[in-house]
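Step one of this worksheet: look at the structure below.
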Amino acid sequence: MEKGFAKSSIDQKINVYIWDMDETLILLKSLLNGTYAEVFNGSKNIQEGVEIGKMWEKHILSLCDDHFFYEQIENCNKPSLDALSQYDDGQNLSDYDFDKDGFGTPHDDDNNRKLAYRHRVIAHRYKQGLRSFLNQEMIKELDELYDTTDKYTDRWLSSARVFLEEECSARHNDSSLVASDGINEPSASKYQHINLLVTSGSLIPSLVKCLLFRLDNMITQENVYSSWEVGKLECFAQIKSRFNSPNARFCVIGDGWEECEAAQAMRWPFVKIDMQPDSAHRFPGLTSKTLGFYFSVVYGSSDDEDEKE
């Protein structure tokens, strides 16, 4: 059982939603290569989408390098920020000089400890949010870019966020507690709803994307996984071990073959995102009723109100 579960929630059923990022919760690659606009058969300006994507790329790289140690740790990708937690001795880092600690190769215990320090700072900055370290001018620029992107994509971004907030999280926010491990624990609900992200991108840019695309309130840093080095099947196996409970049900949502094959190997339902304008498996379009159907195919039907629209 995942540590952090309250005793009162041991018998509570758990829905674990495992999301892909690009072309699922956000759109970026398909803006840059024009494939998003192409499905609209001329009604979308392809170059406009490309320019929007390039602006996002610029901000992602800038934040990675300026605030998340990416130039130092780009070649040290790990599946999660907790992957090296056993090396973190809890040293006070308030006066620590990350530019002069000699971090580098080889990947021995000493350098693993220094990397764990960086992961701890990254986790703290993620928790604090963009407004804790960016000025108001930059926040305004990012807000405008988000709104421009949302308009261009017919509300894909905001619809995905609303879906996470309203359909895949605690129903009654005023009576919910969010535990330190990022798990919503509603006191008066039969279900816990947990959102995790498993992306094929490297970990630090993926965390930055969550911040920029306003997903950090729904997906905590403990729940962001990178399959860059280990593959999605290994990440899914780690997740199954983490939430080791007969009451846990898993559902994978994404657009790629790798998460589809990994979900099949785990015998979990897989919902394939489709960018076609008339598809119900996109944003806006995807509903809790659709996810409930996929759950029922694998796990059997449920009359719980959380699976009904």
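Of the helices (runs of 4 or more DSSP H) entirely within the range 29-135, those holding at least 2 residues that are closer than 30 Å to residue 276 by Cα occupy 29-32, 35-38, 46-67. Output yes when any residue across the range 51-67 is of a type in the set (Gly, Ala, Ser) and open to solvent by 30 Å² or more (accessible area, probe 1.4 Å), and no when none is. For the range 51-67, residues of a type in the set (Gly, Ala, Ser) and open to solvent by 30 Å² or more (accessible area, probe 1.4 Å): present. On inspection, residue 213 qualifies as closer than 25 Å to residue 149 by Cα and among the aromatic types (Phe, Trp, Tyr).
Can you report the number of residues in the range 177-231 which are among the β-branched types (Val, Ile, Thr) and at pLDDT below 90? Adding up the residues that qualify gives 2. Contact map, the range 89-110: residues that are over 19 Å from residue 77 (Cα atoms) and loosely packed, with under 10 Cβ neighbours inside 10 Å paired with residues that are at pLDDT 95 or above and among the hydrophobic types (A, V, I, L, M, F, W, C), Cβ distance under 9 Å, separation 6+ or inter-chain. Pairs shown: 89/116.
With respect to (1) open to solvent by 20 Å² or more (accessible area, probe 1.4 Å); (2) without any contact (Cβ under 8 Å) to a residue 40 or more places away in the chain, the lone exception for residue 84 is condition (1).
Condition check ((1) closer than 25 Å to residue 68 by Cβ; (2) within 17 Å of the chain's Cα centre (by Cα); (3) of a type in the set (Gly, Ala, Ser)) across all residues:
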site	(1), (2), (3)
213	yes, yes, no
217	yes, yes, no
220	yes, yes, no
231	yes, yes, yes
241	no, no, yes
244	no, no, no
249	no, no, no
257	no, no, no
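Scanning the range 69-125 for residues that are over 19 Å from residue 223 (Cα atoms) and among the small types (Gly, Ala, Ser) returns 90, 94, 102, 104.
The values are calculated or read from the model by the stated rules, or taken from the named source; none is laboratory data. None of these values were measured; they are calculated from a predicted model. Quick reminder, even Gly has a Cβ in these numbers, built from the backbone with ideal geometry, and neighbours come from all protein chains shown. Side chains are part of the model used for accessible areas, which takes the heavy atoms of the whole protein and leaves out ligands, DNA and RNA. Shrake-Rupley method; radii C 1.70, N 1.55, O 1.52, S 1.80 Å.
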